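All remarks here apply to the structure that follows.
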Amino acid sequence: AYTVMHSDSNHLHQFRTIIHNYSPSGGTNIYKGLQIGADHILKDYNSDRSNRVILLTDGYGQTPPKEITDFVESMSKEGLEFSTIGLGQSHNQALLQLIAQSGKGTFNYVNNSVNLSEVIEKEVKNTLSYNVKELKIDIVHNKELLFSNLYGYPTTNETEESFSIGIGKLPHN
């Protein structure tokens with residue numbers, strides 16, 4: 001795992017060049033890549049903007065999935081977001097969706113290099129601004145519905161007839 005380029009709003013045009021000229025070397029260290037990405041984001045962390053790691057991979061690596069998702073969840077509690085882009089028809093969609101869900105990000109799929117630059121550009125643009133910064137949804141239901149658990153988002157204010165979901169940031173797209 002290594003850094004190709006640091007991201008900011010002035011470098012979108014450079015991403016295209018990197019994407020078109022990038023040549024993977026084989027082998028995926030998902031966990032280390034996420035750690036490096038998180039370290040870079042934490043150095044410039046700003047609660048008024050997106051602090052997102054974008055993972056581009058086929059989703060197969062050496063680290064157990066639980067260890068990866070535990071790390072992503074812990075960093076998500078620190079304010080980081082994790083999005084994933086699955087490459088190829090045989091990518092590990094289950095793991096990549098879990099990472100995106102645990103990291104309050106998005107999952108994208110690209111089966112060829114033609115669409116890759118579009119997907120990365122869309123993902124980067126989504127990190128630059130939001131429609132909503134702190135979205136909270138209150139759900140009110142009758143007593144016949146027994147709420148027990150919601151996966152992916154924390155719930156609060158749980159009563160017999162209601163609960164709240166903290167969604168957080170909502171990007172433009």
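None of the figures in this text is laboratory data; all of them are computed from the coordinates on show. Keep in mind that this is a model prediction, so the values were computed, not measured.
With 21 Å as the limit on Cα-Cα distance, the pairs of Lys66/Lys104; Lys77/Lys125; Lys43/Lys66; Lys43/Lys122; Lys66/Lys125 that go past it are Lys77/Lys125; Lys43/Lys66; Lys43/Lys122; Lys66/Lys125.
Taken one residue at a time, the phi angles of region 136-143 give Karplus couplings (6.51, -1.76, 1.60, θ = phi - 60°) of 10, 10, 9, 10, 10, 9, 7, 5 Hz. Gly and Pro are set to x.
For Phe107, the amide hydrogen comes within under 5 Å of the amide hydrogens of Thr84, counting only partners 5 or more places away or on other chains and with H modelled in the peptide plane.
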